[in-house]
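Below: the structure, in structure tokens.
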Amino acid sequence: MFLHVAEVVGEAYGLEPIQHLDLLVRDWSSSRILGDQGGKEYLRDIRQMLAAMSPCKHPKALEELKRSSTRCYLMPFPGKGIMNGSEGRLRDMDEDFQGSLRGYVTALVGLVGQHVQTDQHGEPLTGTQLAAKIKNLSDVMKKCRFGFSSPCQMAITFHNQRAMDRARMDHAAFLREKDSLSQRRIDCLRVTPSIVGKQFVKQRNFLLERCQEEMMEQEKETLVAELEAELSQEAETFLETYGRRYQSHTINQRAMDRARRDHAAFLSKKDTLSQERIDCLRVAPSTMAEQCAEQRRLLLERCQEEMMEPEKETLLAELEAQLSREAEPFLETYGRRYQHHTINQRAMDRACTDHAAFLREKDGLSQCRIDCLRVTPNVVGEQFVKQRMFLLERCREEMKEPEKETLVAELEAELTQEAETFLETYGRRYQCHAINQRAMHRARTDHTAFLREKDALSKCRIECLRVAPRAVVKQFVEQCRLLLERCREKMKGPEKETLLAELMAELTQEAETFLKTYGRRYQSHAINQRAMDRARTDHAAFVGKKDVLSHHMIECLKVTPSEMEEQFRELHKSLLKRCRMEMMEPEETLLLELMAELSQEAETFLETYGVRYQSHYNRQMTAYDSSLRDHGGSQKNGFTNPILVVVVGAVVLAALVLLP
């Protein structure tokens, strides 16, 4: 019967039916030898008795008793004290029973290491597992109050108990599974409490139906109802916990989702700004990292206020790690963009600076009339195009993708706009400078022509002496005034007055230089004129004197024309010599002119003088002939004196020579 029960219990609890058989016999009184030694003798007698039967009625029992793992221990009667309602206290036992019990327990504990318990599959059982199985068996025995009417009833009870235990274990496993899922926020939120309740109902119905099929008829309905109540109570208890967890997970999830959305919106906003060069360069990567950390701190503080225990701190740590992970790639991207934007901005700033310097250079030249007029607007436009192409090509080499071409196009538009604005200004300035230059050039040309005219006149002594230097000054002042008024009417631009002042200074300087020359020339001409006029006056006086003398025959006959010509030559020499000494920077032309003039006057006078001299001479000779004729008549009258004739002739000649 015991082997049958062992097999039923082993099957019910997953144990090998007989692993170590320890037979404990109490109330032994057949012999005085007790304990282990008495048990060995008793076990030997039983084996011999069973083996002697033919045929053997209990082969399984004989087989088990022959195994080395089978032991028998004989104990005496415990005593009347413990048998009369005792609670099993040691002091109620007889002393010999206490000694026997102490020896049995000591031997049993000492052999524990030699008897490792295994399950049906030969796997070792831990002490906890073995204790649980013993407790379950004990609970069944207590529940049934050991009221098994037969081994068959015991087998049915254990079979039903095994079916219920299996259902309990499956239900506990199901509950553990759902409990584990409920502790995981994401898994919990996937299944609402109502759905979990339905799952428990479905699982309970499945387990109860299985028990209905597996259990034997003895008290089956009662046991199934009992099991249903037990499983329902466990499910209700769990569902209350699950509902609280689901609500907590929902609140926490909502707070975390809100934080994630806000963080994603923050990153999206910053990502959009980081794609804009100007906005990105306003915030350094370190500052952006601080902003992300501050945003993360604010979101975590808000979540800490909104979220519920018990996993709040764990979820906050998880959320912080997640937000940090999301921020890291963004900050890496932001750093690269910031670096690219910095390189691109530096290249663009350098290009803008160089273009501005080029523009300032051209602007400075355009404000200078002479430099501006050297370069036409078309040429300046070509220079700007060449400079812009150079700067854009340099930017393409220095700048980084991906927005390089966009920035280059933007920079090109900016530089083109600056160039167009400047070229409009340059064109107006050039046109203004050209108009002013033409006006000034015309004024200079007219002033130069006026100077040449006056210079030519100043070189002509007669013309020069007609206009005194003061009058010439007035003429120049008037001429400058007219030219400046004409320029003022035609010139344009803000620098008109400056250019007029410059032109006036220029014309005045030229006029002053000329007037100095004119003054010197006028003075020289005046001195020369005075010297020449004096020479003419003296020459005229000389001619007048000689003319008067030439009217007197005696005086005229004293100087022959040749002698008179010689006197003029001497006079001319002396006058020319004196003029050469008196005149400033004597000009041979003037001297030759004066000489020609004096010579002409002398020739005219000498012609007249020669005529007069001849006339005087003829009259004298006529008078002489008449005198001779008169003397010839006297001779005819008988009076001839040759000596008297000679003397008279000598006296006449002497008078002609000696008289002044």
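The values are calculated or read from the model by the stated rules, or taken from the named source; none is laboratory data. Here the structure is a predicted model, which means the values were calculated and not measured. No Cβ is skipped: glycine too gets one built from the backbone with ideal geometry, and neighbour counts run over all protein chains shown. The accessibility values were calculated without ligands, DNA or RNA, using every heavy atom of the protein model including side chains. Shrake-Rupley method; radii C 1.70, N 1.55, O 1.52, S 1.80 Å.
Among the criteria (1) within 25 Å of G14 (Cβ to Cβ); (2) free of Cβ contacts under 8 Å to residues at least 60 places away in the same chain, the one D119 does not fulfil is (2). Considered as a group, the residues in the range 456-471 that are farther than 16 Å from E510 by Cβ and touching a residue at least 60 places away in the same chain (Cβ under 8 Å) include one that is most open to solvent (accessible area, probe 1.4 Å), and that residue is K459. When the range 263-316 is filtered for residues that are closer than 19 Å to Y246 by Cα and open to solvent by less than 80 Å² (accessible area, probe 1.4 Å), the ones remaining, listed by number, are C303, E306, M307, M308, E311, K312, L315, L316. Under 8 Å by Cβ, and 6 or more places apart or on different chains, what pairs join a residue from the range 407-420 that is surrounded by 13 or more Cβ atoms within 10 Å (Cβ to Cβ) with one that is acidic (D, E)? Pairs that qualify, where the first residue is surrounded by 13 or more Cβ atoms within 10 Å (Cβ to Cβ) and the partner is acidic (D, E): there are none. Taking the range 276-300, which residues are part of a helix (DSSP H, G or I) and charged (D, E, K, R)? Hits for the range 276-300 are R277, D279, E290, E294, R296, R297. Might you check whether a residue that is at pLDDT 80 or above and part of a helix (DSSP H, G or I) occurs anywhere in the range 118-125? No, the range 118-125 has no match at all. On the basis of being open to solvent by 40 Å² or more (accessible area, probe 1.4 Å), of a type in the set (A, V, I, L, M, F, W, C) and either without any contact (Cβ under 8 Å) to a residue 12 or more places away in the chain or more than 28 Å from E585 (Cβ to Cβ) (or both), does V477 make the cut? Taking the combined requirement at face value, the residue satisfies it.
The residue list A351, A357 contains one member that is of a type in the set (G, A, S), modelled with pLDDT of 90 or more, surrounded by 14 or more Cβ atoms within 10 Å (Cβ to Cβ) and in a helix (DSSP H, G or I), which is A351.
Per the listing E424, E418, E453, the residue uniquely over 13 Å from M504 (Cα atoms), touching a Leu at 6+ places or on another chain (Cβ under 9 Å), part of a helix (DSSP H, G or I) and acidic (D, E) is E418. In summary, M584 fulfils each of the numbered conditions (1) surrounded by fewer than 17 Cβ atoms within 10 Å (Cβ to Cβ); (2) part of a helix (DSSP H, G or I) with the single exception of condition (2). Of all the listed residues (L483, L500, L515, L507), the sole one being free of Cβ contacts under 8 Å to residues at least 24 places away in the same chain, open to solvent by less than 40 Å² (accessible area, probe 1.4 Å) and in a helix (DSSP H, G or I) is L500.
Okay, residues lined up against (1) more than 28 Å from D45 (Cβ to Cβ); (2) free of Cβ contacts under 8 Å to residues at least 60 places away in the same chain:
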| residue | (1), (2) |
| --- | --- |
| T70 | no, yes |
| L74 | no, yes |
| F77 | no, yes |
| I82 | yes, yes |
| M93 | no, yes |
| G103 | no, no |
| H115 | no, no |
| E123 | yes, yes |
| D139 | yes, yes |
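Got at least one residue in the range 300-310 being closer than 30 Å to R204 by Cα and not polar (S, T, N, Q)? Checked against the condition, which is being closer than 30 Å to R204 by Cα and not polar (S, T, N, Q), the range 300-310 yields at least one hit. Which members of the range 440-455 meet the condition of being open to solvent by less than 60 Å² (accessible area, probe 1.4 Å) and of a type outside the set (G, A, S)? Across the range 440-455, the qualifying residues are M440, R444, D446, H447, T448, F450, L451, K454, D455. Residues that are assigned to a strand (DSSP E or B) and in contact (Cβ under 8 Å) with a residue 60 or more places away in the chain were ranked within the range 1-58; the one that is nearest to the chain's Cα centre (by Cα) is L15. Those residues that are closer than 18 Å to Q161 by Cβ and free of Cβ contacts under 8 Å to residues at least 12 places away in the same chain, I need them from the range 227-236; list them, please. Selection gives A229 alone.
Select, from K362, K386, the only residue that is more than 23 Å from the chain's Cα centre (by Cα), assigned to a helix (DSSP H, G or I) and farther than 29 Å from P494 by Cβ. Just a single option satisfies the conditions, and that option is K386. Pairs are defined by a Cβ separation below 9 Å, a sequence spacing of at least 6 or placement on different chains, a first member in the range 558-577 that is at negative phi, and a second member that is outside any helix (DSSP H, G or I) and surrounded by 17 or more Cβ atoms within 10 Å (Cβ to Cβ); the pairs so defined are Q567/V559.
Scanning the range 75-110 for residues that are on the phi > 0 side of the Ramachandran plot and either surrounded by 15 or more Cβ atoms within 10 Å (Cβ to Cβ) or assigned to a helix (DSSP H, G or I) (or both) gives a single hit, G79. The set of residues in the range 523-538 being open to solvent by 10 Å² or more (accessible area, probe 1.4 Å) and free of Cβ contacts under 8 Å to residues at least 60 places away in the same chain consists of I527, R530, D533, R534, T537, D538.
Every test in (1) surrounded by 13 or more Cβ atoms within 10 Å (Cβ to Cβ); (2) more than 58 Å from the chain's Cα centre (by Cα) is passed by N205 save one, and that test is (1).
The requirement of being in a helix (DSSP H, G or I), open to solvent by 70 Å² or more (accessible area, probe 1.4 Å) and either under 23 Å from T537 (Cβ atoms) or in contact with a strand residue (DSSP E or B) (Cβ under 9 Å, 6 or more places away or on another chain) (or both) is satisfied by T589.
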